[in-house]
Amino acid sequence: MQVMHKLCWRYFRAARSFRSDILKNSKGVITVNRYLSINETAAALRPFYFVVHPDLFGQHPQEREVNEESLKRLHEYLTSLQKTGKATPRELVFFVRPQQNEDLSSVTVNLHSESLRSTVTSVLSSVHLPLDFVDNIPKKRYKPVEIRWDPTYYHATGKKNPYKEYYKRKKDWTLFDWLQKHASKAVAKRLLCQQIQQEIAVMEHKVISQIGLKDLIWKNDWGFIHCLASLKSFQRLFQEHPDITSHALKDKTLVFSKQTGVSAQGDIVLSMESVPSDWLKMLSLVDAYKPMVSRLPYMESKLSELLANICVVRQNIVIMAEEYELLLNQILNILSRSQTDVYHYLRNGDLSHLQLIVEGGEAPLTLSSSGQFIVPATVPGFMIVKFIADNKEMAFTVLQDVELLMKMENVVKEQCKDRLQLTSITRDESVTPKQMISCCERLLEDAIYLSELSGGSVRVSNYYAVMKDGGVSIPWNWKSDIS
C-alpha cells in the first residue's frame with residue numbers, strides 16, 4: 001500500500017508539473033498558448049528598459065534606487081514564470097525617464113498573471129508603449145494529442161501502457177556495447193569513403209599547386225561525393241578562366257562553404273550550392289573587397305579603445321567581410337554614445353587581458369564557456385558595459401583556466417590518438433576542454449577494451465552516431481562496462 005501511495009504521489013506531481021500553457025477545452029481539443037522565449041521576452045521589454053533603466057536617473061539617487069529594486073523583482077517574477085509557469089503576485093513602482101521640461105513621474109505595475117505574454121503586455125502598457133512586437137508573436141493551436149506518461153503512471157493506475165515496447169527498446173548504452181553493435185557499420189562506411197577521400201586529396205594537391213593557393217578548407221556538412229563534385233567543377237572553371245582564377249586566388253585561402261564572398265579574414269569563400277558561373281562572377285570582383293577587409297582591423301582597434309582596450313577577437317566560423325563590417329559599424333556607433341557609461345562602470349580601468357567577440361543581433365549577450373564576451377551588435381551600450389563590468393573577474397578566471405586546459409587537452413588527445421591508433425580525435429563546439437580531457441583520460445583507461453576504434457576517427461560530442469565518413473561520434477560522458 002505504501003508503494004502504491006508513492007507511485008500515485010509521483011503521478012500527481014508529474015501531472016501538476018505540466019506547463020500551464022497546455023489547456024483542454026470542452027471538446028477535448030488541446031490548445032497551447034505559446035510561451036514567449038527568453039530572447040523574445042527580453043526583446044519585447046527592451047523599450048521598457050530604455051525609459052526606466054536606473055542609469056537614466058543619475059541626478060535622482062532615490063528614484064534610481066527604486067527602479068533598481070523594481071527591475072530586480074521584475075526579473076525574478078519573469079524567471080519564475082519561465083521556469084515553473086507561476087509566480088507570486090506583486091506590485092512594482094517605476095519612475096519613468098522625463099521628457100524635456102517635464103517632472104519625474106511614476107507608474108505602478110501590477111504583476112498577477114501566470115502567462116509571460118500577458119505579463120509583458122501589462123508592463124509595456126503601464127508606460128503606454130506599443131505592443132506590436134508581442135502581438136506579432138503567433139499563438140499556436142494544435143490538434144488533439146496523446147500524452148505519453150511516465151511508466152509509473154500506468155503501473156499506479158493499472159492502465160495499459162501503449163508505449164511499453166518503446167521503453168523496452170530504449171537502451172542506456174555503454175561505449176563497449178555501442179561499438180560492438182555499430183563498429184561493422186562504421187568500418188563499411190570508412191572503406192566505402194576511402195577511395196573518394198584519396199581522389200579528393202589528389203585533386204586538392206593539384207588545385208593548390210596549380211593556382212598557388214595558401215590553403216584549401218572545407219566548412220560544410222556535405223558528404224565526400226559533393227566535395228569531389230565541387231572540386232571537379234572548380235578545376236574546370238580554372239581551366240576555362242585561368243587568368244581570373246589565378247589573379248583572385250594566388251596566395252589566398254579558398255574555403256568551400258554555404259556562402260559565396262570574401263570572409264573577414266580575407267579568405268575567398270565559395271558556396272557548394274552555387275553554380276560555377278556565380279563563382280566566376282565573385283572571383284572577378286575580389287579586388288573590390290580589399291579596402292573593406294583592410295578596414296576591419298582598424299575598426300576593431302577603435303572598438304577596443306571605446307571599451308578600455310579590451311581585446312577584440314573574431315568568431316571561429318566563416319563570417320563575410322560585408323556582414324562583419326556592418327556589425328562593427330553598429331557597435332561602434334552604440335558605444336561611441338555610451339562613453340559616460342564606460343567611465344561610470346569601468347573607471348578608466350584596463351581590459352586588455354579580456355576578449356570580446358561581436359556577433360549578429362540574434363545572439364544573446366553572454367560570457368562564453370571559453371571566457372570570451374559574446375556581444376550582439378544591437379544591444380544598448382549601457383547594457384554591454386554593465387555586463388562586462390559585472391563579469392570581468394569571472395571572464396579573466398575562465399580565460400586563464402581555458403588556456404591551461406587547452407594545453408592539457410592537446411597532450412591527452414595525442415596520447416589517445418597513439419594508444420587507440422586513431423586517424424583523428426576532435427570535439428564538438430558544445431563540449432568544453434574540461435569535458436574533453438575527462439573523456440580522453442577514460443578512453444585511455446579502457447583502451448584495451450576499445451579495439452573497434454582502431455583505424456577510425458572519433459568525434460567527442462553529446463551523442464552516439466556513425467558519421468558519413470565512417471568515423472564515430474561518442475558522448476563525452478560515455479558509460480563504461482568496467483566498474
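The values are calculated or read from the model by the stated rules, or taken from the named source; none is laboratory data. These numbers come from a predicted model, not from an experiment. Neighbour counts are summed over all protein chains in view; Cβ atoms, including those assigned to glycine, are modelled from backbone coordinates with ideal geometry. Accessible surface areas use protein heavy atoms only, side chains included; no ligands, DNA or RNA. Shrake-Rupley method; radii C 1.70, N 1.55, O 1.52, S 1.80 Å.
Annotations for the structure displayed:
- Per-residue HN-Hα couplings for the stretch 440-455 [Karplus 6.51, -1.76, 1.60; θ = phi - 60°; Hz; x = Gly/Pro]: 5, 4, 6, 4, 5, 5, 9, 3, 5, 9, 10, 5, 5, 7, 4, x
- Ligands, DNA and RNA aside, MET406 has an accessible area near 80 Å² when probed at 1.4 Å.
- Using a cutoff of 8 angstrom between alpha carbon atoms and counting only pairs six or more residues apart, the relative contact order for the stretch 269-388 works out to 24 percent.
- A 1.4 Å probe over all protein chains sorts PHE48, PHE238 by accessible area into PHE238, PHE48, starting with the largest.
- Neighbourhood net charge (14 Å Cβ-Cβ; Lys/Arg +1, Asp/Glu -1) for ARG73: -3
- Sites GLU362 and SER233, calculated FRET efficiency, Cβ-Cβ separation with R0 30 Å, nearest 0.05: 0.40
- Protein-only accessible surface order, largest first, of THR423, THR121, THR253 at 1.4 Å: THR423, THR121, THR253
- Area accessible to solvent at LYS206, 1.4 Å probe radius, in Å²: 90 Å²
- Pairs from LYS185/LYS258; LYS219/LYS302; LYS219/LYS252; LYS206/LYS258; LYS185/LYS417 whose Cα-Cα separation, in the structure shown, is over 19 Å: LYS185/LYS258; LYS219/LYS302; LYS206/LYS258; LYS185/LYS417
- Heavy-atom accessible area order for ASP103, ASP428, largest first, 1.4 Å probe: ASP103, ASP428
- Carbon plus sulfur fraction of accessible area for the stretch 406-471, probe 1.4 Å, in percent: 49 percent
- Near ILE425, the amide H atoms lying under 5 Å from its own belong to VAL458; only residues 5 or more places off or on other chains count, and H is placed 1.01 Å from N.
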